[in-house]
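Below is one structure; the comments refer to it alone.
The values are calculated or read from the model by the stated rules, or taken from the named source; none is laboratory data. Values in this document were obtained by computation on a predicted structure and should not be read as measured data. Cβ placement follows ideal geometry from the backbone for every residue including glycine, while neighbour counts extend to all protein chains displayed. Surface areas here come from the heavy atoms of the whole protein model, side chains and all, with no ligands, DNA or RNA. Shrake-Rupley method; radii C 1.70, N 1.55, O 1.52, S 1.80 Å.
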Amino acid sequence: GFEAGRQKRPMSRVLGWTAVETRPYTPADVLLSFRMLCFFGLTSFQQIAEMLVGEIAQHGGDTALIELLLGPAAAHGIDLDAIRGMSLPADLSLLKAPLGGSNAIAVSGERSATGGALLIADPHLEIGRFPPVLYIFHEDYADGSYLQGLGVPGIPWLMMGRTRDVGISYTYGHADNIDVLIERCENGRCLRPDGWQTMRRRTERVKIRGAEDELWTYWDNDFGTIAAEAADGDLPCVRWAGLHESTARDVNAILNHPTCRTVDELIAGHRQMQMISLGAVIADRHGDIGWVHTGRVDARGGDWTGAYPQPGWTFDGQLEPLPESARPVLTHPPDGVIAAANESVDGMNGERWVNFAEPPYRLNRLRERMAACEAPVLRDLVAACLDEHDGMAERLAPIWSPLLAQRKFDDVAKWAASQPMPPDAKSRASLGLFHALHHEVVRALLERKLTGASAARILDELGGMLCFQAQLDDALALERPDALSRKDLQALLGIAWPRALALVDNGWAIPVTTRFKSIFTAGKLPAVLGFDSDVIEFPGGPTSPFQSRIMPFEGEAVVGGPAGRFCCDMSDDGGWYHVPGGASELPWGPGYGTGLR
């Protein structure tokens, strides 16, 4: 397998140039890589959102602002005084929001034109780089069965794709599997309702290339972990619900995919996954389709909703997982279609499962596209994922236009109402101006309660828009008069309009235009040398099915969008794929830079 191939083949030139020391890749490395994949950019989103609530409260946010961002139900029971007394170590603010979500669609055999179940996987991750994050593979077995689809280097199993019998596609589920307690710490102890509890000090040695090793200190208690050298004061303690579950159980659920023959069998296996929240969309060769949410979500006691930091000295006992009967599951949908796009879901009995879902624009559009197809074929699923329709503009522009009374924005409102239309220069300009205005309206809204610097940190540095957009847009559509009146919205639009125009004039990042860059040259060489591509303009925007965005990260502009696609008709063998960028590390490798146009 992987390690045998490493021993037979010469060192990758890119790795050779970096002088990284290599060692055998072991099963322990596989599991560690899987745990990292589960957390960074996915599960970490929940931590970012809750820590942002803490920062907003500390920077002047009051109950009204918190309810605006979270919604009244999720904000219920919040203790702002306790949150304002919490110290925020810089270490816990380094992780940024993810770059987007993913799309997945399944159509039952009874509904499709071929009589076979149809499936498409459309993961949205970091793109704009050579080699891509994802790669395609096909694996044949001695009994004539096979495994094919999209994978991640170093993780030797299918991330999404199919066997002869079953296919699967994942979207990030946004289940609230992260909790933050505010721990009152003193001399290595933390306060509980029944007294002081001793914590465990843990030191990790971290190797730094070109420098001496560093020692990082953590304090663990029965709830989670505090990242702090000296555990004194009111400090955030982060708990990942699935962290201490069996990694092997999650991995076995994935590795058992080739042994499954039906939707029900694959759903049963995925019920065992506890570490990561995924929406698993499934199809089989019998024509059936299904969907299940993976991951562990805990039941919180009292008024705590899990959407914000909670005082630890009021916390009594351990959190227990919601019963398996609460797990969201769907089989045999009446209309024969399942679509997923990082949406909000509840438990089967109404349990709170998601606190920070993405807005429903992509999901609604995917469903519209499928509802318009009497007998879908694979091309219809692909066309739905390629759709550039902007549901947010369609929703908000007609409400904003009469309040703003600007002829230039009237053109934006006409574009929003006339979608879909050919993506010409005028419509692309309207897309960019609308999202610039939306960005600045949110900034103006935050500045009513926070300083300009605090609002900029939330929007421009930490990617906070994605955390709260679903609730914010309800207010900006005047559907929450308790949070935002028509008069207030008009005033905000007046503040935001000139800022939006300036943003567009100064190189606003929507629509996305970028070069695909080699991870070695980082775009520093001219395109003619073949390492990096010419400038490419991406279709769509942040809220279209073809979701694309650029976000700042540690001084770099990181591009997010569709990182690959795989689709199949389960009545036949095989599938179709597209990975923008090929699979090679250097221009003279096979397929380097393919699939961009």
(message) For region 224-232, check the following and say yes or no: at least one residue is touching a helix residue (DSSP H, G or I) at 6+ places or on another chain (Cβ under 8 Å), under 26 Å from ASP176 (Cβ atoms) and at pLDDT 90 or above.
(response) no
(message) Restricting to region 179-221, count the residues that are touching a Phe, Trp or Tyr at 6+ places or on another chain (Cβ under 6 Å) and hydrophobic (A, V, I, L, M, F, W, C).
(response) 4
(message) Scan region 512-527 and tell me whether some residue there is surrounded by 23 or more Cβ atoms within 10 Å (Cβ to Cβ), more than 21 Å from ASP122 (Cα to Cα) and touching a strand residue (DSSP E or B) at 6+ places or on another chain (Cβ under 7 Å).
(response) yes
(message) Need pairs with beta-carbon distance below 6 Å; first residue within 18 Å of THR225 (Cβ to Cβ) and within region 41-60, second open to solvent by 10 Å² or more (accessible area, probe 1.4 Å) and part of a helix (DSSP H, G or I); sequence gap 6+ or separate chains.
(response) MET51/LEU92
(message) Being over 18 Å from ARG565 (Cα atoms) and modelled with pLDDT of 95 or more narrows it down to one residue among ASP179, ASP165; which is it?
(response) ASP165
(request) For region 489-531, name all the residues that are touching a residue at least 12 places away in the same chain (Cβ under 8 Å) and at positive phi. (result) GLY530
(request) Evaluate the following for ASP62: is it within 25 Å of GLU183 (Cα to Cα), in contact with a Pro (Cβ under 9 Å, 6 or more places away or on another chain) and open to solvent by 20 Å² or more (accessible area, probe 1.4 Å)? (result) no
(request) Name every residue in region 226-243 that is closer than 30 Å to ALA299 by Cα and assigned to a loop (DSSP other than H, G, I, E, B), in order of residue number. (result) ALA227, ALA228, ALA231, ASP232, ALA241, GLY242, LEU243
(request) Write out, first by first residue and then by second, each pair whose Cβ atoms fall under 6 Å of each other, whose residues are 6+ apart or on separate chains, and whose first residue, in region 185-199, is under 9 Å from TRP313 (Cα atoms) while the second is polar (S, T, N, Q) and open to solvent by 20 Å² or more (accessible area, probe 1.4 Å). (result) CYS190/GLN197
(request) Report the residue count in region 224-251 for those that are more than 18 Å from MET36 (Cβ to Cβ), in contact (Cβ under 8 Å) with a residue 24 or more places away in the chain and surrounded by fewer than 17 Cβ atoms within 10 Å (Cβ to Cβ). (result) 2
(request) Give region 475-528 a look and list any residue that's farther than 12 Å from ALA436 by Cβ, small (Gly, Ala, Ser) and at pLDDT 95 or above, or say none. (result) ALA475, ALA477, SER485, ALA491, GLY494
(request) Taking ALA372 as the residue in question, decide whether it is without any contact (Cβ under 8 Å) to a residue 60 or more places away in the chain and either more than 30 Å from ALA74 (Cβ to Cβ) or more than 21 Å from the chain's Cα centre (by Cα) (or both). (result) yes
(message) of a type in the set (A, V, I, L, M), closer than 30 Å to VAL14 by Cα and touching a residue at least 60 places away in the same chain (Cβ under 8 Å): is that true of LEU596 in this structure?
(response) yes
(message) I'm checking my understanding of the structure. Among residues of region 569-597 that are within 25 Å of ALA522 (Cβ to Cβ) and of a type in the set (D, E, K, R), which one is surrounded by the fewest Cβ atoms within 10 Å (Cβ to Cβ)?
(response) ARG597
(message) Suppose the filter is open to solvent by 20 Å² or more (accessible area, probe 1.4 Å), free of Cβ contacts under 8 Å to residues at least 24 places away in the same chain and closer than 23 Å to GLY295 by Cβ; does LEU32 pass it?
(response) yes
(message) Would you confirm whether or not region 541-557 contains a residue that is in contact with a Phe, Trp or Tyr (Cβ under 7 Å, 6 or more places away or on another chain) and open to solvent by 40 Å² or more (accessible area, probe 1.4 Å)?
(response) no
(request) Using the structure shown, decide if GLY100 is modelled with pLDDT under 95 and either assigned to a loop (DSSP other than H, G, I, E, B) or open to solvent by less than 10 Å² (accessible area, probe 1.4 Å) (or both). (result) yes
(message) Against the definition (under 26 Å from the mean Cα position of the chain (by Cα) and surrounded by 15 or more Cβ atoms within 10 Å (Cβ to Cβ)), how does GLY507 come out, yes or no?
(response) no
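Residues checked against (1) touching a strand residue (DSSP E or B) at 6+ places or on another chain (Cβ under 7 Å); (2) of a type outside the set (Phe, Trp, Tyr); (3) assigned to a helix (DSSP H, G or I):
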site	(1), (2), (3)
ASP29	no, yes, yes
CYS38	no, yes, yes
PHE45	no, no, yes
VAL53	no, yes, yes
ALA57	no, yes, yes
GLY61	no, yes, no
LEU65	no, yes, yes
(request) Return yes when ARG486 is under 28 Å from the mean Cα position of the chain (by Cα) and touching a residue at least 24 places away in the same chain (Cβ under 8 Å) and no when it is not. (result) no
(request) Kindly list the number of the only condition in (1) open to solvent by less than 40 Å² (accessible area, probe 1.4 Å); (2) in contact with a Pro (Cβ under 9 Å, 6 or more places away or on another chain); (3) of a type outside the set (Asp, Glu); (4) over 30 Å from VAL238 (Cβ atoms) that fails for TYR135. (result) (1)
(message) Restricting to region 293-333, count the residues that are of a type in the set (Lys, Arg) and over 23 Å from GLN197 (Cα atoms).
(response) 2
(request) Would you please name the residue that is nearest to LEU278 (Cα to Cα), looking only at residues in region 210-222 that are open to solvent by 80 Å² or more (accessible area, probe 1.4 Å) and free of Cβ contacts under 8 Å to residues at least 40 places away in the same chain? (result) TRP216
(message) Looking for something among the charged types (D, E, K, R), open to solvent by less than 20 Å² (accessible area, probe 1.4 Å) and closer than 24 Å to MET275 by Cβ - is there at least one such residue anywhere in region 111-131?
(response) yes
(request) State yes or no: is ALA74 out of contact with any Cys (no Cβ under 8 Å at 6 or more places or on another chain) and either over 30 Å from ASP573 (Cα atoms) or at pLDDT 95 or above (or both)? (result) yes
